[in-house]
Amino acid sequence: MADITSNPPPRTRSGRRRGAEFHIYFAVIFVVAIPFTTIRWTRDVIRDRTLNMHGPLARAWAEADRITPLIFSA
């Protein structure tokens, strides 16, 4: 049996490296999503009467992070 505790195998990066085109699409989707997420965040704050939730930038980032890989998977 091999002892890999003293000489572990090198870690490999999982997934593909994201290129410049991916970052451009991400930035465009992020900027376009900001107004919509701001409106939705404002509505949720008024309805729930709490600020204990993700803000509009975090929501826009999540939307861009969800949508951009879908574009490149097709």
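Figures for the structure shown
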read-out	value
In order through the stretch 66-74: 3J(HN,Hα) via Karplus (6.51 cos²θ - 1.76 cosθ + 1.60), integer Hz, x for Gly, Pro	7, 7, 4, x, 5, 5, 7, 7, 7
Sorted by Cβ neighbour density within 10 Å, fewest at the top, the residues T37, T50	T50, T37
Net charge of neighbours whose Cβ lies under 14 Å from the Cβ of A58, counting Lys and Arg as +1 and Asp and Glu as -1	0
Virtual spin-label span in nm between R40 and F72, 7 Å along Cα→Cβ	2.2 nm
Gain on full stretching of the segment that runs from M53 to A20 - 0.36 nm per residue minus C-alpha separation	8.7 nm
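Laboratory data are not the source of any read-out in this text; all were calculated from the coordinates shown. It should be emphasised that the depicted structure is a prediction, and the values quoted were computed from it without experimental measurement. Don't worry about glycine lacking a Cβ; one is built from the backbone with ideal geometry, like all the others, and counts go over all protein chains shown.
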